[in-house]
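Nothing in this text is a laboratory measurement; each read-out follows from the coordinates by a stated rule. Every value quoted in this text rests on a predicted model; they were computed, and no experiment measured them. With ideal geometry, Cβ positions are generated from the backbone for all residues, glycine too; neighbour counts draw on all protein chains shown.
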């Protein structure tokens, strides 16, 4: 009996969550974390790298992790090709 009530409550929560996400999408909102490496930081990183810095040094100067910078560089180079 309690299992059936728990399942019913879980289904209600799932429906409300889905409705909320759909409503947010209709308002132009999207979920998720904002990117750490903005377009401006990415441009400056490319300039640093072109001037002879390696990715680690460029990331340190821009105060982002080198992993985040590598990911941003790879995703934009994949989109460019």
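Annotations for the structure displayed:
- Pair list, Cβ under 7 Å, 6 or more apart: the range 22-42 residue under 18 Å from residue 74 (Cα atoms), other residue in a loop (DSSP other than H, G, I, E, B): 36/64; 37/64; 41/64
- Any hit, the range 30-37, residues being part of a helix (DSSP H, G or I) and out of contact with any helix residue (DSSP H, G or I) (no Cβ under 6 Å at 6 or more places or on another chain): no
- Restricting 47, 57, 9 to residues that are surrounded by 13 or more Cβ atoms within 10 Å (Cβ to Cβ) and free of Cβ contacts under 8 Å to residues at least 24 places away in the same chain narrows the list to 57.
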